Amino acid sequence: MQGSPATTATTATTASTARFRVLWDEIAPIGRDARTGGYLRYALTEPEQRLREWFRAQAERRGMPVTDDGNGNLFARWGDPDAADAVLTGSHFDSVPHGGAYDGPLGIVSAFLAVDELRAAGVAPARPLVVGAFVEEEGGRFGVPCLGSRLLTGALTPERAAGLRDADGVSFAEAFGGQPAGARPDLLAGFGAFVELHVEQGRALVDRDASVAVATAIWPHGRWRLDFTGEPNHAGTTRMADRRDPMLTYAFTVLAANKEARLRGAHATMGRVHAEPNATNAIPARVTGWLDARAAETDTLTGLVEAVHAKAVERARRDGTEVTLAEESATPLVGFDADLGTRLAALLDAPTLPTAAGHDAGVLAGHLPTAMLFVRNPTGVSHSPAETATDADCAAGVAALARVLEELTCA
């Protein structure tokens, strides 16, 4: 080590703030919907492909060779290509429908800027430093969150991933150009740690008056599909007493999920629904709703999902409909590496906090020491066009990440 970044974890110079803005502006327009102000950066669509090209260009500008793991995850490397124990950082480009600008891309932009800070300070890492961009973290297109990291770690088989389809019926294999490679233990073995920087999805840092925090854990969470079936019929000629309307069962289930989550101090959301035939003047034959459920403890989450399902089944019996429940993804409680988290919190003099949001870091945590840094979100809003962070806080996040990467690659 020949030097260290000049900024600290909680402050940023005017110059570093300006550098963040310049790089951020390069990607800010890509995939933005002019009507809502939100982003449509679905995995492997044109906007996300443009961001992947931008990633390759940034890596080339810094002399960092890029490799693809065969699953769509990109890795740009600074250091010996054959050396093991590399420190991995980065995040994802894809968004939820009409999502915010910062969720995902902030971690990748910050990673490249952290490399710039280290080089400007004359830091010569003893361990390789790798910037990663993971595919389909949100699950916004193919329905399974953290798809790229699940494939890489073997948590998802390439056969199942290949068969996943988007709303237009396009399979992941078709969009990707073939079946993904699946588990890459050889690649994982080359990483000694992973640090993901992410915008905070909440207001804890506002309350603590801090720009940056270190994550301690991710709540257990998952997604479940509920299929409600009934009898399609005419909206005008079918008597109310004769109806077998699955939309009624679905609507009751939405309210039941809200109530059961509140009773348990958990979170439940049914933000996606599809009706068939989806006609204004027809009682639907089928309604499919997706439950997103999260809780601080696994038993609480299990109890929540079971209670929602039981309520739906009972209501279906009364409505003359049927309901089935299928798990699409589930992630247990993830505790990040305690020693690493304590070390980084002390290094940055930063607060620690858990999160109820899922991340690629949660998948990788089962395979290598993993930590997360959060950057303050003044509104606390995420997965929405209102998601934001100030340039100064983002630059402070870059400085914090640079210090962390220096600590891990030079120690």
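If you check residue 50 against the conditions, is it in contact (Cβ under 8 Å) with a residue 12 or more places away in the chain, open to solvent by 40 Å² or more (accessible area, probe 1.4 Å), of a type outside the set (Ser, Thr, Tyr) and over 21 Å from residue 387 (Cα atoms)?
Taking the combined requirement at face value, the residue satisfies it.
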*asked:* Within the stretch 249-278, take every residue that is open to solvent by 40 Å² or more (accessible area, probe 1.4 Å) and in a loop (DSSP other than H, G, I, E, B) and give me the one that is nearest to residue 202 (Cα to Cα).
replied: 265
*For residues in the stretch 14-47 being among the hydroxyl-bearing types (Ser, Thr, Tyr) and part of a helix (DSSP H, G or I), which is surrounded by the most Cβ atoms within 10 Å (Cβ to Cβ)?*
16
*Restricting attention to the stretch 356-411, which residues are more than 18 Å from the chain's Cα centre (by Cα), open to solvent by less than 30 Å² (accessible area, probe 1.4 Å) and acidic (Asp, Glu)?*
393, 406
*Which one is farthest from residue 197 (Cα to Cα) among residues in the stretch 288-338 that are β-branched (Val, Ile, Thr) and not in a strand (DSSP E or B)?*
321
*asked:* Checking residue 90 against (1) assigned to a loop (DSSP other than H, G, I, E, B); (2) of a type outside the set (Ser, Thr, Tyr); (3) crowded, with 21+ Cβ neighbours inside 10 Å, only one condition comes out false. Which one?
replied: (1)
*In the stretch 378-394, which residues are under 22 Å from residue 194 (Cβ atoms), at pLDDT 95 or above and part of a loop (DSSP other than H, G, I, E, B)?*
389
_Residue pairs meeting the criteria (Cβ under 6 Å; at least 6 apart or on separate chains; first touching a residue at least 12 places away in the same chain (Cβ under 8 Å) and part of a strand (DSSP E or B), in the stretch 205-232; second surrounded by 21 or more Cβ atoms within 10 Å (Cβ to Cβ) and of a type in the set (D, E, K, R))_ = 221/294
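Before we move on, is residue 150 in a loop (DSSP other than H, G, I, E, B), buried (at least 19 other Cβ atoms within 10 Å of the Cβ), modelled with pLDDT of 95 or more and of a type in the set (D, E, K, R)?
Against the criterion (in a loop (DSSP other than H, G, I, E, B), buried (at least 19 other Cβ atoms within 10 Å of the Cβ), modelled with pLDDT of 95 or more and of a type in the set (D, E, K, R)), residue 150 does not qualify.
The values are calculated or read from the model by the stated rules, or taken from the named source; none is laboratory data. All values reported here derive from a predicted model rather than from experimental measurement. Here the Cβ is made from the backbone with ideal geometry for all residues, glycine too, and neighbour counts use every protein chain on show. To get the accessible areas, we keep the full protein, side chains included, count just its heavy atoms, and leave off ligands, DNA and RNA. Shrake-Rupley method; radii C 1.70, N 1.55, O 1.52, S 1.80 Å.
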